[in-house]
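To start, the structure itself, in structure tokens.
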């Protein structure tokens, strides 16, 4: 699934939870990863994360 990285250790991932696509937002602080929330829509996500600050993380095959 898609993943974006932002400032202050913010990570946004598209996941599937109970057959429903959601945005999972986490923050890494001092090597620990904290769940900030699950969001169903972009409107919900923009209340907590500035989308302009996000960069897509692309994994390249080895």
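The values are calculated or read from the model by the stated rules, or taken from the named source; none is laboratory data. Because the structure is predicted, anything quoted here is derived from the model rather than measured. Positions of Cβ are generated from backbone atoms using ideal geometry, with glycine treated the same way; all protein chains shown enter the neighbour counts.
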**Complete:** Those residues of segment 16-26 which are surrounded by fewer than 17 Cβ atoms within 10 Å (Cβ to Cβ), touching a strand residue (DSSP E or B) at 6+ places or on another chain (Cβ under 8 Å) and either on the phi > 0 side of the Ramachandran plot or modelled with pLDDT of 95 or more (or both) amount to 26
**Request:** Please verify whether segment 41-52 includes one or more residues that are surrounded by 12 or more Cβ atoms within 10 Å (Cβ to Cβ) and in contact (Cβ under 8 Å) with a residue 24 or more places away in the chain.
**Result:** yes
**Request:** Mind listing whichever residues of segment 40-54 are within 12 Å of residue 12 (Cα to Cα) and either at pLDDT 95 or above or assigned to a loop (DSSP other than H, G, I, E, B) (or both)?
**Result:** 48, 49, 50, 54
**Prompt:** Within segment 3-24, is there a residue that is assigned to a loop (DSSP other than H, G, I, E, B) and under 13 Å from the mean Cα position of the chain (by Cα)?
**Reply:** yes
